[in-house]
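Enquirer: Below: one structure in structure tokens.
The values are calculated or read from the model by the stated rules, or taken from the named source; none is laboratory data. The structure presented is a predicted model; accordingly, all values stated were derived computationally and were not measured. Every residue, glycine as well, gets a Cβ built from its backbone with ideal geometry; the counts of neighbours run over all protein chains shown. Accessible surface areas use protein heavy atoms only, side chains included; no ligands, DNA or RNA. Shrake-Rupley method; radii C 1.70, N 1.55, O 1.52, S 1.80 Å.
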Amino acid sequence: SQQGEEDPQALSIQEGENATMNCSYKTSINNLQWYRQNSGRGLVHLILIRSNEREKHSGRLRVTLDTSKKSSSLLITASRAADTASYFCATLYSLNSGGSNYKLTFGKGTLLTVNP
Amino acid sequence: DAGITQSPRHKVTETGTPVTLRCHQTENHRYMYWYRQDPGHGLRLIHYSYGVKDTDKGEVSDGYSVSRSKTEDFLLTLESATSSQTSVYFCAISESLSPRWGGYTFGSGTRLTVV
């Protein structure tokens with residue numbers, strides 16, 4: 001399976017603390033993405049990091065990618081109660097040599113709870 | 001953002017009946033996807049499309065078929081629904097010219113229960 005695996009499966013922190021979630025994957029990728037899902041809702045794209053990038057920032061989000069270890073981490077700084085959600089990493093890889101078709105595979109997610 | 005609408009939002013159906021779920025986008029994005037989400041499995045790709053009449057199987061395609069006769073609509077059909085197909089189904093689109101350059105936009109999901 002090409003699926004990424006998040007760690008931990010669940011994380012509970014206090015408001016204002018930082019939250020770190022990790023993702024490992026198995027094969028070469030084009031990019032790695034992080035998504036958030038609030039309970040009962042669809043997934044929302046948060047951030048994308050390409051295979052030739054090592055770090056990316058977006059607001060309170062910081063993503064790192066280590067292709068040699070096939071791993072990524074998502075850091076949410078100064079967390080808020082509204083950050084409570086499930087977070088998924090997803091890896092994109094090419095299905096054909098021409099690079100026109102891609103597959104995005106998801107891990108099982110990390111459930112983040114931010115307590116007020 | 002592209003408008004992406006899934007219908008119906010909820011459906012209860014009986015085992016053995018055919019069911020069709022619809023995904024509609026308001027812009028002419030090329031790539032569309034159907035995923036299912038189940039506890040303990042995350043999201044799994046059922047089928048995807050890279051253009052009108054161009055579709056292919058994902059990792060859990062058995063028991064499902066798709067059609068894309070228009071750019072804006074991607075239909076998922078459960079040919080003969082089984083209880084194992086009880087799930088939440090998500091449609092997604094890639095708003096970028098290539099999935100390499102941007103993330104996916106997801107619909108709100110269809111909760112399907114097969115009894």
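Enquirer: Restrict the check to the range A:74-85 and report whether at least one residue is within 11 Å of another protein chain (Cβ to nearest Cβ) and touching a residue at least 40 places away in the same chain (Cβ under 8 Å).
Expert: Within the range A:74-85, the subset within 11 Å of another protein chain (Cβ to nearest Cβ) is none.
No.
Enquirer: Which residues, taken from the range B:80-115, are surrounded by fewer than 18 Cβ atoms within 10 Å (Cβ to Cβ), over 16 Å from A:G40 (Cα atoms) and either modelled with pLDDT of 95 or more or among the hydrophobic types (A, V, I, L, M, F, W, C) (or both)?
Expert: B:S80, B:T82, B:S83, B:S84, B:L97, B:W101, B:V115
Enquirer: Quick one: how many residues across the range A:65-116 are aliphatic (A, V, I, L, M), modelled with pLDDT under 95 and assigned to a strand (DSSP E or B)?
Expert: Taking the range A:65-116 first, the residues aliphatic (A, V, I, L, M) are A:65, A:74-76, A:78, A:81-82, A:85, A:90, A:92, A:95, A:104, A:111-112, A:114.
Pick out the ones that are also modelled with pLDDT under 95 and you get A:92, A:95, A:104.
With assigned to a strand (DSSP E or B) added as a condition, the list becomes A:92, A:104.
Selection size over the range A:65-116: 2.
Enquirer: Hey, B:S67 hits all of (1) within 12 Å of chain A (Cβ to nearest Cβ); (2) surrounded by fewer than 18 Cβ atoms within 10 Å (Cβ to Cβ); (3) assigned to a strand (DSSP E or B) but one; which does it fall short on?
Expert: All conditions pass for B:S67, except number (1).
Enquirer: Residues that are in contact with a Ser or Thr (Cβ under 8 Å, 6 or more places away or on another chain), at pLDDT 95 or above and under 20 Å from A:W34 (Cβ atoms): does the range B:34-43 have at least one?
Expert: Within the range B:34-43, one or more residues are in contact with a Ser or Thr (Cβ under 8 Å, 6 or more places away or on another chain), at pLDDT 95 or above and under 20 Å from A:W34 (Cβ atoms).
Enquirer: Output yes when any residue across the range A:99-113 is basic (K, R), more than 10 Å from chain B (Cβ to nearest Cβ) and on the phi < 0 side of the Ramachandran plot, and no when none is. Before the answer, list the steps.
Expert: Residues of the range A:99-113 that are basic (K, R), as a first pass: A:103, A:108.
So of that shortlist, the ones also more than 10 Å from chain B (Cβ to nearest Cβ) come out as none.
No, because not a single residue in the range A:99-113 is basic (K, R), more than 10 Å from chain B (Cβ to nearest Cβ) and on the phi < 0 side of the Ramachandran plot.
Enquirer: Would you confirm, using the coordinates I've provided, whether A:R62 is open to solvent by 50 Å² or more (accessible area, probe 1.4 Å), within 12 Å of chain B (Cβ to nearest Cβ), in a strand (DSSP E or B) and at pLDDT 95 or above?
Expert: Against the criterion (open to solvent by 50 Å² or more (accessible area, probe 1.4 Å), within 12 Å of chain B (Cβ to nearest Cβ), in a strand (DSSP E or B) and at pLDDT 95 or above), A:R62 does not qualify.
Enquirer: Among what's in the range B:23-64 and is over 21 Å from B:G102 (Cβ atoms) and among the charged types (D, E, K, R), pick the residue that is most open to solvent (accessible area, probe 1.4 Å).
Expert: Checked the range B:23-64; the qualifying residue most open to solvent (accessible area, probe 1.4 Å) is B:K53.
Enquirer: Only one of these is in contact with a Lys or Arg (Cβ under 9 Å, 6 or more places away or on another chain) and assigned to a strand (DSSP E or B): A:I29, A:I49. Name it. Please lay out each step first, then the result.
Expert: On the way: A:I29 fails: assigned to a strand (DSSP E or B).
Being in contact with a Lys or Arg (Cβ under 9 Å, 6 or more places away or on another chain) and assigned to a strand (DSSP E or B) holds for just one of A:I29, A:I49, which is A:I49.
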